[in-house]
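**Student:** Below is a structure I'd like to ask you about.
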Amino acid sequence: MPSISRLIEICTFLDVSSDYLLGIDEHGCIEHYKNGAFGWMENIPENLTEELSKEYRVGIQFFEAVVQDGLFESELTGPNGRFKGQTIAGLERSFRTAIFANALTLTRVGRNHLLEDDLLKLYSPLLKQVLVVELPKGRHSHRNCVSSHLFNVEFLAHAAATEVFPALEEGAIGIGPGYTLYRCAELAPPSQHQYKSINWASTMEVSSHQQEAASVSSNLAVKLLAARNPNTRAFTLPYLAPERRSLHWEDPDAHQAQAAATIEELRVARAILMTVGGVSSPNAEDSLAYSRRSTLSPKFLHNLHEQLKLENKERTFSGEVLGHMLGDNSQGVGDASFQSIQERKVYAPALNLLRNVMDRNNGYVWVIATGDHKKIATEMVIRNRLANALVIDGEIAEFLLDAKRVRRAVARSR
(Lines give C-alpha, C1' and ligand atoms only; values in the text may rest on other atoms or scores of the structure.)
Protein backbone atom coordinates (compact mmCIF):
# COMPACT_ATOMS: atom_id res chain seq x y z
CA MET A 1 0.00 0.00 0.00
CA PRO A 2 1.32 3.47 -0.84
CA SER A 3 1.85 6.12 1.82
CA ILE A 4 -0.71 8.91 2.13
CA SER A 5 1.57 11.41 0.39
CA ARG A 6 2.26 8.96 -2.45
CA LEU A 7 -1.45 8.18 -2.75
CA ILE A 8 -2.18 11.89 -3.19
CA GLU A 9 0.46 12.13 -5.91
CA ILE A 10 -0.99 9.13 -7.77
CA CYS A 11 -4.54 10.51 -7.55
CA THR A 12 -3.31 13.89 -8.77
CA PHE A 13 -1.47 12.38 -11.74
CA LEU A 14 -4.38 10.16 -12.78
CA ASP A 15 -6.97 12.84 -12.00
CA VAL A 16 -9.12 10.44 -9.97
CA SER A 17 -10.28 10.24 -6.38
CA SER A 18 -8.63 8.06 -3.76
CA ASP A 19 -11.96 6.18 -3.37
CA TYR A 20 -11.84 5.30 -7.07
CA LEU A 21 -8.22 4.20 -6.85
CA LEU A 22 -9.00 1.97 -3.86
CA GLY A 23 -12.08 0.46 -5.52
CA ILE A 24 -14.63 2.19 -3.28
CA ASP A 25 -16.17 4.55 -5.86
CA GLU A 26 -16.72 3.23 -9.37
CA HIS A 27 -17.04 6.68 -10.90
CA GLY A 28 -14.16 8.50 -9.31
CA CYS A 29 -13.90 11.45 -11.68
CA ILE A 30 -13.43 14.68 -9.78
CA GLU A 31 -12.89 17.98 -11.49
CA HIS A 32 -9.33 18.99 -10.76
CA TYR A 33 -8.02 22.52 -10.70
CA LYS A 34 -4.44 23.67 -10.87
CA ASN A 35 -2.93 27.06 -10.16
CA GLY A 36 0.84 26.80 -10.50
CA ALA A 37 2.09 24.62 -7.68
CA PHE A 38 -1.35 24.42 -6.08
CA GLY A 39 -4.14 21.98 -6.66
CA TRP A 40 -7.63 21.39 -5.34
CA MET A 41 -10.50 19.07 -6.13
CA GLU A 42 -14.22 19.63 -6.27
CA ASN A 43 -16.47 16.81 -5.12
CA ILE A 44 -20.12 17.77 -4.77
CA PRO A 45 -22.35 14.69 -4.39
CA GLU A 46 -25.26 14.46 -6.82
CA ASN A 47 -27.89 13.55 -4.21
CA LEU A 48 -27.68 16.82 -2.26
CA THR A 49 -30.57 19.22 -1.91
CA GLU A 50 -30.51 22.07 -4.40
CA GLU A 51 -29.96 24.59 -1.62
CA LEU A 52 -26.97 22.80 -0.12
CA SER A 53 -25.43 22.09 -3.53
CA LYS A 54 -25.73 25.79 -4.38
CA GLU A 55 -24.06 26.78 -1.11
CA TYR A 56 -21.13 24.44 -1.78
CA ARG A 57 -20.69 25.81 -5.29
CA VAL A 58 -20.80 29.42 -4.09
CA GLY A 59 -18.12 28.62 -1.49
CA ILE A 60 -15.91 26.98 -4.11
CA GLN A 61 -16.41 29.81 -6.57
CA PHE A 62 -15.55 32.34 -3.87
CA PHE A 63 -12.36 30.43 -3.11
CA GLU A 64 -11.36 30.41 -6.77
CA ALA A 65 -12.25 34.09 -7.22
CA VAL A 66 -9.89 35.10 -4.41
CA VAL A 67 -7.11 32.49 -4.63
CA GLN A 68 -6.92 32.04 -8.39
CA ASP A 69 -8.28 35.32 -9.79
CA GLY A 70 -7.21 37.63 -6.95
CA LEU A 71 -10.43 39.67 -6.95
CA PHE A 72 -10.98 42.60 -4.63
CA GLU A 73 -14.10 43.20 -2.53
CA SER A 74 -15.65 45.53 -5.13
CA GLU A 75 -15.07 42.89 -7.80
CA LEU A 76 -16.75 40.29 -5.61
CA THR A 77 -19.77 41.96 -4.02
CA GLY A 78 -19.91 45.38 -5.72
CA PRO A 79 -22.63 46.56 -8.13
CA ASN A 80 -20.96 44.71 -10.98
CA GLY A 81 -19.29 42.06 -8.84
CA ARG A 82 -19.21 38.34 -9.44
CA PHE A 83 -21.34 37.79 -6.31
CA LYS A 84 -23.54 40.88 -6.59
CA GLY A 85 -25.97 41.23 -3.71
CA GLN A 86 -24.04 38.95 -1.35
CA THR A 87 -21.80 39.85 1.57
CA ILE A 88 -18.23 38.80 2.28
CA ALA A 89 -19.36 37.27 5.58
CA GLY A 90 -21.94 35.17 3.74
CA LEU A 91 -19.38 34.04 1.15
CA GLU A 92 -16.99 33.06 3.91
CA ARG A 93 -19.70 30.95 5.55
CA SER A 94 -20.34 29.20 2.24
CA PHE A 95 -16.63 28.49 1.85
CA ARG A 96 -16.37 27.04 5.35
CA THR A 97 -19.39 24.85 4.68
CA ALA A 98 -17.82 23.54 1.47
CA ILE A 99 -14.37 22.93 2.97
CA PHE A 100 -15.73 21.21 6.09
CA ALA A 101 -17.92 18.93 3.95
CA ASN A 102 -14.93 18.06 1.71
CA ALA A 103 -16.80 19.44 -1.28
CA LEU A 104 -13.55 21.36 -1.81
CA THR A 105 -10.30 19.57 -0.99
CA LEU A 106 -6.75 20.82 -1.35
CA THR A 107 -4.47 18.29 -3.01
CA ARG A 108 -1.14 20.09 -2.82
CA VAL A 109 0.39 23.43 -1.91
CA GLY A 110 3.45 25.24 -3.22
CA ARG A 111 6.66 25.50 -1.22
CA ASN A 112 9.55 27.92 -1.51
CA HIS A 113 12.60 25.71 -1.06
CA LEU A 114 15.01 28.62 -1.54
CA LEU A 115 13.59 30.47 1.46
CA GLU A 116 13.60 27.23 3.44
CA ASP A 117 17.32 26.72 2.74
CA ASP A 118 18.13 30.34 3.57
CA LEU A 119 16.34 30.15 6.91
CA LEU A 120 18.02 26.87 7.87
CA LYS A 121 21.45 28.33 7.04
CA LEU A 122 20.95 31.70 8.70
CA TYR A 123 19.30 30.32 11.85
CA SER A 124 21.56 27.30 12.19
CA PRO A 125 21.77 25.34 14.45
CA LEU A 126 18.56 26.53 16.11
CA LEU A 127 16.10 25.69 13.34
CA LYS A 128 15.87 22.00 12.48
CA GLN A 129 13.05 21.99 9.96
CA VAL A 130 11.31 24.70 7.96
CA LEU A 131 8.35 24.55 5.58
CA VAL A 132 7.69 27.79 3.69
CA VAL A 133 4.33 27.73 1.95
CA GLU A 134 4.32 29.95 -1.13
CA LEU A 135 0.78 31.27 -1.08
CA PRO A 136 -1.04 31.81 -4.39
CA LYS A 137 -1.27 35.46 -5.41
CA GLY A 138 -3.60 35.40 -8.38
CA ARG A 139 -3.25 38.57 -10.43
CA HIS A 140 -2.69 40.69 -7.33
CA SER A 141 -0.62 40.33 -4.20
CA HIS A 142 -2.55 38.01 -1.87
CA ARG A 143 -2.27 40.61 0.88
CA ASN A 144 -4.65 42.86 -1.07
CA CYS A 145 -7.28 40.21 -1.67
CA VAL A 146 -10.42 39.96 0.39
CA SER A 147 -10.43 37.18 2.99
CA SER A 148 -7.06 35.84 1.83
CA HIS A 149 -6.12 34.95 5.43
CA LEU A 150 -9.08 32.56 5.62
CA PHE A 151 -7.69 30.62 2.66
CA ASN A 152 -4.04 30.98 3.65
CA VAL A 153 -4.78 29.16 6.88
CA GLU A 154 -6.11 26.27 4.81
CA PHE A 155 -2.91 26.12 2.76
CA LEU A 156 -0.70 26.12 5.88
CA ALA A 157 -2.90 23.61 7.69
CA HIS A 158 -2.73 21.31 4.66
CA ALA A 159 1.07 21.55 4.58
CA ALA A 160 1.36 20.81 8.29
CA ALA A 161 -1.17 17.98 8.16
CA THR A 162 0.53 16.21 5.25
CA GLU A 163 4.19 16.95 6.08
CA VAL A 164 4.48 17.36 9.86
CA PHE A 165 1.85 15.05 11.35
CA PRO A 166 2.88 11.89 9.42
CA ALA A 167 6.43 12.32 10.76
CA LEU A 168 5.36 12.40 14.43
CA GLU A 169 6.70 9.52 16.49
CA GLU A 170 5.22 7.66 19.43
CA GLY A 171 5.11 9.41 22.77
CA ALA A 172 3.48 12.61 23.98
CA ILE A 173 2.65 15.32 21.44
CA GLY A 174 1.50 18.73 22.67
CA ILE A 175 -1.19 20.43 20.60
CA GLY A 176 -1.88 24.15 20.93
CA PRO A 177 -5.19 25.98 20.58
CA GLY A 178 -6.45 28.07 17.73
CA TYR A 179 -8.32 27.58 14.48
CA THR A 180 -5.16 26.74 12.51
CA LEU A 181 -4.24 23.86 14.83
CA TYR A 182 -7.81 22.60 14.85
CA ARG A 183 -7.80 22.53 11.04
CA CYS A 184 -4.52 20.61 11.16
CA ALA A 185 -6.23 18.04 13.38
CA GLU A 186 -9.10 17.73 10.91
CA LEU A 187 -6.86 17.47 7.84
CA ALA A 188 -4.21 15.10 9.23
CA PRO A 189 -4.75 11.75 7.45
CA PRO A 190 -6.20 9.29 10.01
CA SER A 191 -4.36 6.01 10.48
CA GLN A 192 -4.46 2.92 12.67
CA HIS A 193 -0.69 2.51 12.55
CA GLN A 194 0.90 5.87 11.63
CA TYR A 195 0.49 7.37 15.09
CA LYS A 196 1.18 4.30 17.15
CA SER A 197 1.00 4.85 20.90
CA ILE A 198 0.79 8.64 20.68
CA ASN A 199 -0.71 10.66 23.53
CA TRP A 200 -2.13 13.97 22.32
CA ALA A 201 -1.75 16.51 25.15
CA SER A 202 -3.54 19.84 25.36
CA THR A 203 -1.16 22.75 25.93
CA MET A 204 -3.66 25.35 27.06
CA GLU A 205 -6.49 25.37 29.52
CA VAL A 206 -9.87 26.83 28.70
CA SER A 207 -10.67 30.01 30.61
CA SER A 208 -14.22 29.02 31.56
CA HIS A 209 -16.71 26.18 31.46
CA GLN A 210 -18.36 27.85 28.47
CA GLN A 211 -15.16 27.46 26.41
CA GLU A 212 -14.74 23.77 27.20
CA ALA A 213 -16.16 22.75 23.82
CA ALA A 214 -14.97 25.76 21.83
CA SER A 215 -13.71 24.82 18.38
CA VAL A 216 -10.46 26.73 18.92
CA SER A 217 -9.51 24.97 22.16
CA SER A 218 -6.61 22.58 22.59
CA ASN A 219 -8.95 20.15 24.31
CA LEU A 220 -11.20 19.74 21.28
CA ALA A 221 -8.22 19.35 18.94
CA VAL A 222 -6.65 16.52 20.97
CA LYS A 223 -10.01 14.79 21.37
CA LEU A 224 -10.51 14.94 17.60
CA LEU A 225 -7.04 13.52 16.92
CA ALA A 226 -7.59 10.66 19.36
CA ALA A 227 -11.02 9.87 17.92
CA ARG A 228 -9.68 9.75 14.35
CA ASN A 229 -6.57 7.70 15.16
CA PRO A 230 -7.10 4.40 17.02
CA ASN A 231 -4.53 3.45 19.66
CA THR A 232 -3.91 7.09 20.56
CA ARG A 233 -5.12 8.93 23.67
CA ALA A 234 -6.25 12.47 24.45
CA PHE A 235 -4.99 14.27 27.56
CA THR A 236 -6.98 17.44 28.19
CA LEU A 237 -6.73 20.39 30.56
CA PRO A 238 -10.16 20.86 32.17
CA TYR A 239 -11.28 24.18 33.53
CA LEU A 240 -10.27 24.72 37.15
CA ALA A 241 -10.95 27.77 39.25
CA PRO A 242 -7.67 29.61 40.10
CA GLU A 243 -7.74 28.50 43.74
CA ARG A 244 -7.77 24.84 42.64
CA ARG A 245 -4.74 24.97 40.31
CA SER A 246 -1.95 24.14 42.74
CA LEU A 247 0.01 21.07 41.71
CA HIS A 248 0.39 19.97 45.33
CA TRP A 249 -3.01 18.48 45.97
CA GLU A 250 -3.33 16.10 48.92
CA ASP A 251 -6.56 14.54 47.69
CA PRO A 252 -7.17 15.65 44.09
CA ASP A 253 -10.58 15.30 42.48
CA ALA A 254 -11.05 13.88 38.98
CA HIS A 255 -10.45 17.18 37.18
CA GLN A 256 -7.35 17.99 39.19
CA ALA A 257 -5.97 14.49 38.58
CA GLN A 258 -6.67 14.87 34.87
CA ALA A 259 -4.82 18.20 34.79
CA ALA A 260 -1.83 16.66 36.61
CA ALA A 261 -1.71 13.76 34.14
CA THR A 262 -1.72 16.13 31.18
CA ILE A 263 1.07 18.22 32.67
CA GLU A 264 3.14 15.08 33.16
CA GLU A 265 2.65 14.19 29.48
CA LEU A 266 3.82 17.67 28.48
CA ARG A 267 6.95 17.28 30.61
CA VAL A 268 8.07 14.34 28.46
CA ALA A 269 6.60 15.52 25.14
CA ARG A 270 8.56 14.70 21.99
CA ALA A 271 6.97 17.54 20.02
CA ILE A 272 4.68 20.52 20.50
CA LEU A 273 2.69 22.15 17.73
CA MET A 274 1.41 25.66 18.31
CA THR A 275 0.65 28.95 16.64
CA VAL A 276 1.54 32.44 17.87
CA GLY A 277 -0.46 35.54 18.68
CA GLY A 278 -1.21 37.96 15.90
CA VAL A 279 0.17 41.29 17.06
CA SER A 280 1.14 44.24 14.90
CA SER A 281 3.77 46.79 15.89
CA PRO A 282 2.43 49.48 18.22
CA ASN A 283 2.61 53.20 17.54
CA ALA A 284 2.39 52.63 13.78
CA GLU A 285 5.88 51.09 13.69
CA ASP A 286 6.04 48.78 10.71
CA SER A 287 7.64 45.35 10.61
CA LEU A 288 10.79 46.55 8.91
CA ALA A 289 11.38 49.09 11.67
CA TYR A 290 10.96 46.32 14.21
CA SER A 291 13.40 44.00 12.44
CA ARG A 292 16.10 46.65 12.56
CA ARG A 293 16.09 46.83 16.35
CA SER A 294 19.18 45.26 17.85
CA THR A 295 17.40 44.92 21.21
CA LEU A 296 13.88 45.30 22.50
CA SER A 297 13.79 48.41 24.67
CA PRO A 298 11.67 48.45 27.86
CA LYS A 299 9.51 51.18 26.27
CA PHE A 300 8.91 49.07 23.18
CA LEU A 301 8.00 46.06 25.32
CA HIS A 302 5.65 48.15 27.42
CA ASN A 303 3.90 49.58 24.34
CA LEU A 304 3.61 46.13 22.82
CA HIS A 305 2.17 44.78 26.06
CA GLU A 306 -0.41 47.59 26.11
CA GLN A 307 -1.35 46.65 22.55
CA LEU A 308 -1.86 43.06 23.69
CA LYS A 309 -4.16 44.24 26.45
CA LEU A 310 -6.24 46.22 23.98
CA GLU A 311 -6.61 43.06 21.88
CA ASN A 312 -7.39 40.89 24.95
CA LYS A 313 -4.39 38.67 24.24
CA GLU A 314 -2.16 39.29 27.22
CA ARG A 315 -3.36 36.42 29.40
CA THR A 316 -3.01 33.41 27.13
CA PHE A 317 -0.03 31.26 26.27
CA SER A 318 0.18 28.74 23.47
CA GLY A 319 -2.24 30.43 21.12
CA GLU A 320 -0.84 33.85 22.05
CA VAL A 321 2.64 32.98 23.28
CA LEU A 322 3.84 36.54 22.88
CA GLY A 323 1.58 37.69 25.67
CA HIS A 324 3.24 35.35 28.15
CA MET A 325 6.70 36.27 26.89
CA LEU A 326 6.14 39.87 27.89
CA GLY A 327 4.69 38.91 31.26
CA ASP A 328 2.35 40.87 33.49
CA ASN A 329 4.95 43.47 34.41
CA SER A 330 6.59 43.78 30.97
CA GLN A 331 10.04 43.14 32.43
CA GLY A 332 11.29 41.64 29.21
CA VAL A 333 11.96 38.35 27.51
CA GLY A 334 13.93 35.56 29.14
CA ASP A 335 13.93 33.09 31.99
CA ALA A 336 14.16 35.84 34.61
CA SER A 337 10.69 37.04 33.64
CA PHE A 338 8.99 33.72 34.31
CA GLN A 339 8.31 31.41 37.17
CA SER A 340 7.87 27.69 37.01
CA ILE A 341 4.46 26.04 36.91
CA GLN A 342 4.68 25.18 40.60
CA GLU A 343 5.56 28.74 41.60
CA ARG A 344 2.82 30.29 39.49
CA LYS A 345 0.30 27.64 40.60
CA VAL A 346 -1.07 27.66 37.06
CA TYR A 347 -1.06 24.56 34.92
CA ALA A 348 -0.82 26.13 31.48
CA PRO A 349 2.62 25.11 30.12
CA ALA A 350 5.56 27.30 31.09
CA LEU A 351 8.22 28.39 28.65
CA ASN A 352 10.80 26.03 30.10
CA LEU A 353 8.68 23.11 28.85
CA LEU A 354 9.21 24.30 25.29
CA ARG A 355 12.95 24.44 25.82
CA ASN A 356 12.92 20.99 27.44
CA VAL A 357 11.32 19.57 24.29
CA MET A 358 13.86 21.31 22.07
CA ASP A 359 16.78 20.02 24.13
CA ARG A 360 15.74 16.40 23.65
CA ASN A 361 17.09 14.34 20.79
CA ASN A 362 14.68 14.73 17.88
CA GLY A 363 12.55 17.11 19.95
CA TYR A 364 10.54 19.64 17.96
CA VAL A 365 8.50 22.70 18.81
CA TRP A 366 6.61 23.66 15.67
CA VAL A 367 5.20 27.13 15.04
CA ILE A 368 2.49 27.23 12.37
CA ALA A 369 1.66 30.81 11.37
CA THR A 370 0.57 32.95 8.45
CA GLY A 371 -0.13 36.65 8.03
CA ASP A 372 1.64 39.98 8.45
CA HIS A 373 0.24 40.33 11.95
CA LYS A 374 2.19 37.24 13.11
CA LYS A 375 5.64 38.28 11.91
CA ILE A 376 6.76 39.90 15.16
CA ALA A 377 5.50 37.10 17.38
CA THR A 378 7.17 34.44 15.22
CA GLU A 379 10.50 36.27 15.23
CA MET A 380 10.42 36.74 19.02
CA VAL A 381 9.64 33.07 19.58
CA ILE A 382 12.53 31.92 17.37
CA ARG A 383 15.02 34.47 18.68
CA ASN A 384 14.29 33.48 22.27
CA ARG A 385 14.81 29.76 21.54
CA LEU A 386 11.21 28.74 22.09
CA ALA A 387 10.78 26.87 18.80
CA ASN A 388 13.02 25.02 16.35
CA ALA A 389 10.66 24.19 13.47
CA LEU A 390 8.37 26.31 11.32
CA VAL A 391 5.45 26.10 8.91
CA ILE A 392 5.09 29.67 7.69
CA ASP A 393 4.24 31.71 4.62
CA GLY A 394 6.80 33.38 2.36
CA GLU A 395 6.34 36.86 3.82
CA ILE A 396 7.03 35.74 7.38
CA ALA A 397 10.08 33.86 6.06
CA GLU A 398 11.44 37.00 4.38
CA PHE A 399 10.79 39.01 7.54
CA LEU A 400 12.75 36.48 9.63
CA LEU A 401 15.65 36.60 7.19
CA ASP A 402 15.71 40.40 7.20
CA ALA A 403 15.55 40.53 11.01
CA LYS A 404 18.43 38.07 11.38
CA ARG A 405 20.64 39.83 8.83
CA VAL A 406 20.05 43.22 10.45
CA ARG A 407 20.88 41.90 13.91
CA ARG A 408 24.07 40.30 12.61
CA ALA A 409 25.08 43.56 10.92
CA VAL A 410 24.46 45.50 14.13
CA ALA A 411 26.47 42.95 16.13
CA ARG A 412 29.41 43.21 13.70
CA SER A 413 29.36 47.02 13.83
CA ARG A 414 29.79 46.88 17.58
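The values are calculated or read from the model by the stated rules, or taken from the named source; none is laboratory data. The structure presented is a predicted model; accordingly, all values stated were derived computationally and were not measured. FYI the Cβ positions are ideal-geometry reconstructions off the backbone, even for glycines, and counts take in every protein chain you see.
**Student:** Condition check: aliphatic (A, V, I, L, M) and either more than 27 Å from residue 46 (Cα to Cα) or out of contact with any Leu (no Cβ under 7 Å at 6 or more places or on another chain) (or both). Does residue 101 satisfy that?
**Tutor:** yes
**Student:** Being without any contact (Cβ under 8 Å) to a residue 12 or more places away in the chain and β-branched (Val, Ile, Thr) is the filter; apply it to the range 41-93 and report the residue that is farthest from residue 149 (Cα to Cα).
**Tutor:** The qualifying residue farthest from residue 149 (Cα to Cα) is 49.
**Student:** Moving on. Could you list, in sequence order, all residues of the range 43-61 that are not in a loop (DSSP other than H, G, I, E, B) and not acidic (Asp, Glu)?
**Tutor:** Going through the range 43-61, the residues not in a loop (DSSP other than H, G, I, E, B) turn out to be 50-61.
Scanning the range 43-61 gives 52, 53, 54, 56, 57, 58, 59, 60, 61.
**Student:** Taking the condition of being within 14 Å of residue 128 (Cα to Cα) and either surrounded by fewer than 21 Cβ atoms within 10 Å (Cβ to Cβ) or not assigned by TED's automatic domain parsing to the domain that holds residue 182 (or both), how many residues in the range 356-381 meet it?
**Tutor:** Step one: list which residues in the range 356-381 are within 14 Å of residue 128 (Cα to Cα), which gives 357-367.
Subsequent filtering for residues that are either surrounded by fewer than 21 Cβ atoms within 10 Å (Cβ to Cβ) or not assigned by TED's automatic domain parsing to the domain that holds residue 182 (or both) retains 358-363.
Total meeting the criteria: 6.
**Student:** So residue 65 fits all but one of (1) out of contact with any Lys or Arg (no Cβ under 7 Å at 6 or more places or on another chain); (2) modelled with pLDDT of 85 or more; what number is the exception?
**Tutor:** (1)
**Student:** Something else about it: Which ones in the range 1-35 are of a type in the set (A, V, I, L, M, F, W, C), at pLDDT below 75 and closer than 22 Å to residue 110 by Cα?
**Tutor:** Across the range 1-35, the qualifying residues are 16, 30.
**Student:** While we're on this one: Return the residue satisfying two criteria in turn: it lies in the range 359-376 and is farther than 19 Å from residue 115 by Cβ and not in a loop (DSSP other than H, G, I, E, B), and of such residues it is modelled with the lowest pLDDT.
**Tutor:** Taking the range 359-376 and keeping what is farther than 19 Å from residue 115 by Cβ, we get 359-365, 373.
From the residues that got through so far, the ones that are not in a loop (DSSP other than H, G, I, E, B) too are 359, 364-365, 373.
On the way: 359: 85, 364: 93, 365: 92, 373: 77.
So, considering only residues that are farther than 19 Å from residue 115 by Cβ and not in a loop (DSSP other than H, G, I, E, B), the one modelled with the lowest pLDDT is 373.
**Student:** Another one. Could you grab me the full set of residues in the range 208-233 that are modelled with pLDDT under 85 and among the polar types (S, T, N, Q)?
**Tutor:** Let us first name the residues in the range 208-233 that are modelled with pLDDT under 85, namely 208-218.
Passing the criteria: 208, 210, 211, 215, 217, 218.
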